[in-house]
Number of protein chains: 2
Amino acid sequence: MAKIGVILSGCGVYDGSEINETVITLLALDRAGAEVIMMAPNVEQQVVNHLTGDTVAGTTRNVLEESARIARGNISDIADVTVNDFDALFIPGGFGAAKNLCDFAFKGSDCDVNPDVERLLKATIAAGKPLAAICIAPALLAKVLGKDLPGVQVTIGTDEGTAGAINSMGATHTNCPVTEFIVDEKNRIITSPAYMLAGRISEAATGIEKSVDALMNMLR
Amino acid sequence: MAKIGVILSGCGVYDGSEINETVITLLALDRAGAEVIMMAPNVEQQVVNHLTGDTVAGTTRNVLEESARIARGNISDIADVTVNDFDALFIPGGFGAAKNLCDFAFKGSDCDVNPDVERLLKATIAAGKPLAAICIAPALLAKVLGKDLPGVQVTIGTDEGTAGAINSMGATHTNCPVTEFIVDEKNRIITSPAYMLAGRISEAATGIEKSVDALMNMLR
């Protein structure tokens, strides 16, 4: 049974992991017969009121505890996870990927990356293990991998500003429709736009399910 | 396009809507071509740390705001929703259904029900519109409907204690495996065990997808 690491970043599109994307990923992996190893950083995060879209001043929540809501408690501190614990890695999107795993949402291409996230991404590539990321999470890949793997291919859909920032970090952005994905065959990296483009949940699901299939095929 | 009302109760299995169940429901409804109308009560809720399972003392969150995390902000205060706004109603499970829509989790068959939830459930039945509930949410149906519709048929799986409480509220509990559902044809009510029994997400999904299919077929 293939073990797939899934890095979460909280619980909710505006300050954590995008919930629909994450559950669709978990279901597709389970139906493909994979064992899922969920993990998240044990750090504090900004809180956004998802009814109004406003940041809640003076309040933080813990990324690992909030991620545990999606994981039904079955989640590890990413600091305790090594590349030997999984066969491939999957990163769902949501602003948490750009606020809590790195701070791309605040600083763009000058962003900093959580040290454990950076460690695991680099170790996954070094071990030749496949890697998938959706929605805004490919910007995180570009930051971590762009220098050592110049031209590494990713997509976040069609947003020109984000695509430009990705290119400036050393990766190569390719436009992609929501129901498709792109593959960097050499580096074994799969990316898909998901809610960077999706207008409805079924659109996101089609691209995510194809991405999970492609990831599982890389392990066969 | 059929309009399906979905009543949420927060965001997370231990104090809100069960996230996997809710997203699987939303995806199945979207793929069936339905328009989803999400709603939740604008009330405060207890908070459970999903990493430890412990109740967080001295803290509350707002059920509508937390539900908006799953809904990506596209959700209404249930006080503003009437039975004319939808063609059928679906209630996902999670402890929120038994803590925030009613207090069955604390008081069992003596529980009280949120007045707007009770109003909408009774109006749905009075209008002859179909109703689906999964996981622990059928206990809520039993409380609201058991007196006026004695013997109304529901399932929460096989838990004897919960089944006994459901029977004592005037409904009739039938055991059901996780990948199936039961139908009360006379009252147009569909129920399925979901995470009352599911060991993995794909098991919950099979029963939920069948329930959504059955609900949509009732509208044809």
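So the values come out like this:
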quantity: Rotational relation B to A, axis-closest Cβ in chain B, residue and distance rounded to whole Å; calculated: B:Val23, 2
quantity: Inter-site label distance for B:Ala126 and B:Thr59 at 7 Å from Cα along Cβ, in nm; calculated: 4.1 nm
quantity: Under 17 Å, Cα to Cα: Lys pairs in the stretch B:77-148, sequence gap 8 or more or different chains; calculated: 5
quantity: The protein assembly as shown - share of DSSP beta bridges that are antiparallel (%, nearest 5); calculated: 30 percent
quantity: Rounded to 5, percent antiparallel among DSSP beta bridges of chain B; calculated: 30 percent
quantity: Label point at B:Ser168 placed 7 Å out along Cα→Cβ; residues across the stretch B:103-142 whose backbone nitrogen lies under 13 Å; calculated: B:104-111
quantity: Cross-link partners of B:Lys210 among aspartates and glutamates (Cα-Cα below 12 Å; sequence separation of 8 or more within a chain); calculated: B:Glu180
quantity: 7 Å along Cα→Cβ, label-point gaps from A:Asn167 to other copies, nm, shortest first; calculated: 7.0
quantity: Per residue, the convex hull volume that the Cα atoms of the stretch B:157-220 enclose (Å³); calculated: 70 Å³
quantity: Fewest-first ranking of A:Val56, B:Val36, B:Val23, using other Cβ atoms within 10 Å as the exposure measure; calculated: A:Val56, B:Val36, B:Val23
quantity: Charged-residue dipole, Cβ positions (Lys, Arg, Asp, Glu), the stretch B:64-112 about Cα centre, Debye nearest 20; calculated: 260 debye
quantity: Stokes-Einstein D in µm²/s, Kirkwood radius over Cα pairs - the stretch A:95-183 at 37 °C with 0.692 mPa s viscosity; calculated: 255 µm²/s
quantity: Proximal charge balance of B:Ile37 [Cβ under 10 Å; K/R count +1, D/E count -1]; calculated: -2
quantity: Principal semi-axes in Å for chain B [√(5λ), Cα gyration tensor, largest first]; calculated: 22, 20, 18
quantity: Inter-copy spacing of B:Thr82 label points, which lie 7 Å from Cα along Cα→Cβ, given in nm from shortest upward; calculated: 6.5
quantity: Rg(Cα)/(2.2 N^0.38 Å) for the stretch A:1-83, N = residue count; calculated: 1.15
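Bear in mind that the values in this text are calculations on the coordinates, not laboratory data. The structure displayed is predicted, hence computed values, not measured ones. For neighbour counting, all protein chains shown are included, and Cβ atoms are generated from backbone atoms with ideal geometry for every residue, glycine included.
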